[in-house]
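Worksheet for the structure shown next.
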């Protein structure tokens, strides 16, 4: 489970090319979020994330952390990651670059659902690497549903749920 922390800020984003979600379409994510979870095996015992507008509205920056308690198989650890979301300079969509303290780097394309309530980050398919999908769903009570799915190498559409959770605005 993720613990999410976000600070709300009102930010106006520039208009983007037709057919491409603008950063403004992601503005409901801006703020500090706290993850809800109980620290069961495989779940974080604490965590949170934030989305902030940076560089005068040209990028969104997501910072995330999750703390995991020790188990009989491994010591306690903390996962930290950073994602930078931006309009592609060629005008061909919204992109995101993800980095974490475990050495992973993932490049995502970003899509927003027609109703504006779901944001999907999808990595490119590769015959030799897993494919990743990160989904944020805006829920009725101003909370977020989160899901992270992984598809095995060479089976780019065979996603399995790796983790899911819920976050509330702080």
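The values are calculated or read from the model by the stated rules, or taken from the named source; none is laboratory data. This is a predicted model, so every value here is computed, not measured. Virtual Cβ from ideal backbone geometry, glycine too; neighbours counted across all protein chains shown.
Of the conditions (1) out of contact with any strand residue (DSSP E or B) (no Cβ under 7 Å at 6 or more places or on another chain); (2) surrounded by fewer than 14 Cβ atoms within 10 Å (Cβ to Cβ), residue 129 satisfies every one except a single condition; which number is it?
(2)
Would you confirm, using the coordinates I've provided, whether residue 51 is in contact with a helix residue (DSSP H, G or I) (Cβ under 6 Å, 6 or more places away or on another chain), modelled with pLDDT of 90 or more and either over 18 Å from residue 63 (Cα atoms) or buried (at least 18 other Cβ atoms within 10 Å of the Cβ) (or both)?
yes
Considering each of 69, 114, 76 in turn, give the residue that is surrounded by 15 or more Cβ atoms within 10 Å (Cβ to Cβ) and modelled with pLDDT under 95.
69
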